[in-house]
Amino acid sequence: MKSQKNGQAPPQQKTRAEYSAINATVGMVAQAVSILMGYIGRMVFTRTLSESYVGINGLFGDILGILSLSEMGIGMIMNYDMYRPVAQGDISMQQVLLRVRKRLYQGIAACILVFGLALLPFLQNFTGNISDVEHLYLIYLLYLCNSASSYLLTYKHSLIVAHQKEYIPIIYRTVFQVVTISLQIAVLVTTGDFIAYLTLGMVSSVLCSLCITRQAERMYPYLREKSTKRLPEEEKAKIVRDVKAMALHKVGEVTTKNTDSLLISSFVGISSVGAYSNNNLIIGSVRQIIAKAFNGITASVGNLAATEDSEALYAVFRTAFFISQWLYGFSAICLYELLPTFVELSFGPQYVLDRPVLLVLCLNFFLIGIRGPGLTVWNSMGMFWIDRYKALGEALVNLIASLILVQYWGMLGVFAGTLVSTLLVPLWIEPCLLFRHCLKRPVGSFFRTCAGYFVVLSGVWWIIDILCGQITGGLIETLALRLLICGGVGNGLLLAAHFWREEFKTARWVLSLFIKREKKQ
């Protein structure tokens with residue numbers, strides 16, 4: 001074997017597990033920073049601007065989420081299709097896929113602008129008569145431009161993710177977010193200018209995307225090369241088929257996640273949107289930091305699905321699902337017990353939600369969260385076509401149930417509609433399809449395991465709620481004592497219930513390896 005120049009060995013390629021660990025670690029830390037900065041920024045936002053501005057912020061965010069339906073899941077499909085050429089070192093195919101993605105994203109940006117502008121004459125139908133919000137249309141246009149521009153500069157980022165180096169764009173985004181929110185806080189405190197606040201966010205988003213693009217070009221110089229190769233017809237047909245399927249998935253996702261504010265503003269009021277958006281900021285932040293740990297392994301699961309059998313996938317899925325039900329279950333309990341006090345302390349008593357509304361939000365948080373490991377395996381294997389009608393059914397049930405229940409229960413009815421649709425459609429269809437097409441085994445044992453998990457979590461929640469109900473006093477004192485009860489007693493009870501399970505032993509072993517690796521680094 002020939003020696004390397006200067007006697008140095010070539011750099012050793014990291015393993016799939018090592019990349020997963022790096023992505024998960026950086027993702028968790030970055031998300032923690034993001035949550036902290038987002039919380040501080042929102043606290044200043046609610047203290048310096050009126051409830052109407054808080055409501056507008058949530059409402060316009062959901063409107064643009066609906067407009068993003070034109071993306072039709074293309075990003076996820078193209079990410080999946082990029083895994084194989086990256087693993088095989090097929091540079092020409094990578095170039096072709098990136099060129100296709102660029103053209104598609106340009107079309108998406110145009111669609112968002114066109115449909116977004118078409119909504120301008122109807123904007124006040126959603127907002128109502130808001131007297132204390134100036135330049136409403138300009139504010140909406142800034143939101144719209146920020147959303148559309150995000151698709152023009154990000155198509156090269158997928159190559160970094162496909163190489164299992166998602167931590168690189170995460171670091172860039174986190175740094176830009178810290179700087180941007182700091183500047184936005186300064187603007188709000190000194191001037192209270194919401195237009196300047198939004199402009200800073202838009203400029204930062206563009207600069208961040210440009211920096212990540214330049215980094216991708218430095219890492220993979222062939223991105224600058226022009227390729228004349230055309231996408232094979234069979235590959236084109238596959239992408240078209242997957243896009244059709246993902247369009248239905250996006251309908252379900254958008255209907256579930258982005259219509260709540262529209263329904264609340266139309267049937268309840270814009271101030272209620274502000275209360276929901278502040279609570280949802282905390283709930284969403286907790287969801288994101290847990291999901292980041294699972295997102296860090298998505299690229300590795302895609303590689304695993306392409307190279308190994310269903311036994312390895314099943315082992316990964318069992319452990320991931322066990323961890324997810326623990327984390328999301330424990331977090332749902334904490335949110336229910338701590339969120340009212342935390343919101344009152346941070347934003348003011350006017351933003352505290354009624355207990356029944358919060359209970360349904362926490363249940364939705366848990367049920368959506370535990371679907372994550374299965375969806376990660378499913379999406380990483382590109383199984384978009386098989387369950388395409390599931391998402392459409394979920395969307396229809398959600399919209400119909402929410403429209404009916406909001407008439408009787410107000411805000412509670414909107415979120416109860418989401419709960420009904422989750423229970424009736426994806427919660428049982430997704431596991432059945434996953435076990436049949438990916439894991440190649442009967443699903444019955446999985447449902448029995450789930451039932452055991454749910455019984456344990458219900459018992460723990462009941463005990464914690466009784467204990468926390470005994471705590472009274474000042475806001476800070478109450479929050480601290482309830483946090484101790486949730487963290488100590490809650491995890492202690494879960495540990496006592498699950499320490500004997502094989503999944504717990506595997507999770508503990510993986511965690512110990514991860515800690516040892518971090519200490520060595």
Practice prompt. Run through every distinct alpha carbon pair of the chain and return the Kirkwood hydrodynamic radius in angstroms, one decimal place.
Written response: 24.7
Worksheet, complete the sentence: Percent relative contact order for region 382-478, counting Cα pairs under 8 Å at least six residues apart, stands at 18
Worksheet item: How high is the relative contact order of the chain, given as a whole-number percent (alpha carbon pairs under 8 Å, six or more residues apart)?
Response: 20
Worksheet item: What is the Cα radius of gyration of region 30-96 over 2.2 N^0.38 Å, N being its residue count?
Response: 1.79
Practice prompt. Please work out the C-alpha center-to-center distance from region 77-111 to region 413-456 and express it in whole Å.
Written response: 33
Practice prompt. Set the Förster distance to 45 Å, then compute FRET efficiency between residue 489 and residue 226 from the Cβ-Cβ distance, nearest 0.05.
Written response: 0.10
Item to complete: May I ask you to evaluate 6.51 cos²θ - 1.76 cosθ + 1.60, the Karplus curve with θ = phi - 60°, for each residue of region 454-460 and list the ³J(HN,Hα) values in order in whole Hz, giving x for glycine and proline?
Response: 5, 5, 4, 5, 5, x, 5
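Bear in mind these aren't lab numbers, they're just calculated from the coordinates by the rules spelled out. Remember, it's a predicted structure, so these values are computed and weren't measured experimentally. When we count neighbours, we look across all protein chains shown, and the Cβ atoms used for this are built from the backbone with ideal geometry, even at glycine.
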